[in-house]
Every structure is written in C-alpha cells, then in structure tokens.
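Peer 1: Dumping the structure here so I can ask a few things about it.
The values are calculated or read from the model by the stated rules, or taken from the named source; none is laboratory data. Because the structure is a prediction, the values reported are computed rather than measured. With ideal geometry, Cβ positions are generated from the backbone for all residues, glycine too; neighbour counts draw on all protein chains shown.
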Amino acid sequence: MDEEMEHIILDRIDKPGWVASRGVLRDPRGQFPPEEIARVESVMKKLASEGRVTLWRLLVENDKVELLAAARPGLELDKDLEERGAWAKAIRYEEGD
C-alpha cells in the first residue's frame, strides 16, 4: 500500500506540482481516521528524506486546519499559492515540526 501511495504522491506533484495529505486520500473534508493521515504523512516524509519531494505545512484558511503537503523539488509553494490568491498558505516544513 505504501508503494501505491508513493506513486500517487509522485504522480500528483507532476501536475499541479504539489499534493496535500487529504488529496492523496481523496478526502477533501478530512473524514479519514488520523491513522490514515499519519500513514500518508509518513510516506511523504520518506520521499522527502530521499530528496524526491519537498515538504510544506499547508494552512487552510476556511477550515482552520493544517495539513502536510508534498511538492515537486524546487517549487516554491508559498509563492505559488500567494500568486494565485489561494485558500491556503504554505510554510516550509522543517524536520521536527
């Protein structure tokens, strides 16, 4: 299952360049159990440790929630979201966050 998640994450960062944990699970309302979100985030962190993605904390303004997002290396997700007037802000994830 983790290999399938890796494939989903890497496929999604191709276009549009990033994906949040909810997007991997196709769970826009956040109804999956916390264990499933933690599993996705674990796979994202593994990919980041391999240098295949860059991690961001995504702050969703409408829901007042924070999600982990994986982005294509080199994509400045914070600037991308700001330029598009998006519903969220991104802050680079630092190990230990």
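Peer 1: Across region 64-88, which residue is nearest to Arg22 (Cα to Cα) among those that are out of contact with any Phe, Trp or Tyr (no Cβ under 9 Å at 6 or more places or on another chain) and of a type in the set (D, E, K, R)?
Peer 2: Glu66
Each row is one residue, and each column tells you yes or no for (1) under 17 Å from Leu81 (Cβ atoms); (2) out of contact with any helix residue (DSSP H, G or I) (no Cβ under 6 Å at 6 or more places or on another chain).
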residue	(1), (2)
Met5	no, no
Ser21	yes, no
Phe32	no, no
Thr54	yes, yes
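Peer 1: Next question. Tell me, which residue of region 80-96 that is of a type in the set (D, E, K, R) and assigned to a strand (DSSP E or B) is surrounded by the most Cβ atoms within 10 Å (Cβ to Cβ)?
Peer 2: Lys89
Peer 1: Going through region 58-79 one residue at a time, which ones are crowded, with 16+ Cβ neighbours inside 10 Å and either under 10 Å from the mean Cα position of the chain (by Cα) or within 20 Å of Met5 (Cβ to Cβ) (or both)?
Peer 2: The answer is Leu58, Leu67, Leu68, Ala69, Ala70, Ala71, Arg72, Leu75, Leu77.
Peer 1: Now, a different point. Which residues, counting only those in region 9-19, are surrounded by 15 or more Cβ atoms within 10 Å (Cβ to Cβ) and assigned to a helix (DSSP H, G or I)?
Peer 2: Ile9, Leu10, Arg12, Ile13
Peer 1: Would you be able to tell me the number of residues in region 6-16 that are within 18 Å of Leu68 (Cβ to Cβ) and modelled with pLDDT under 90?
Peer 2: 1
Peer 1: Separate question: If Arg22 satisfies every condition in (1) assigned to a loop (DSSP other than H, G, I, E, B); (2) within 22 Å of Glu3 (Cβ to Cβ); (3) touching a Gly at 6+ places or on another chain (Cβ under 8 Å) but one, which is the exception?
Peer 2: Result: Arg22 passes all but (1).
Peer 1: Quick one: would you say Arg52 is touching an Asp or Glu at 6+ places or on another chain (Cβ under 9 Å), over 15 Å from Arg22 (Cβ atoms) and surrounded by 12 or more Cβ atoms within 10 Å (Cβ to Cβ)?
Peer 2: The answer is yes for Arg52.
Peer 1: Looking for whichever is within 12 Å of Arg72 (Cα to Cα) and either assigned to a helix (DSSP H, G or I) or more than 11 Å from the chain's Cα centre (by Cα) (or both) here; the options are Leu47, Leu55. Which one fits?
Peer 2: Of Leu47, Leu55, the one residue that is within 12 Å of Arg72 (Cα to Cα) and either assigned to a helix (DSSP H, G or I) or more than 11 Å from the chain's Cα centre (by Cα) (or both) is Leu47.
Peer 1: Suppose we filter Arg29, Arg22 for residues that are at pLDDT below 95, under 13 Å from the mean Cα position of the chain (by Cα), among the basic types (Lys, Arg) and farther than 10 Å from Ala70 by Cα; which single one remains?
Peer 2: Details: Arg29 fails: under 13 Å from the mean Cα position of the chain (by Cα).
None of the others qualify; the one that does is Arg22.
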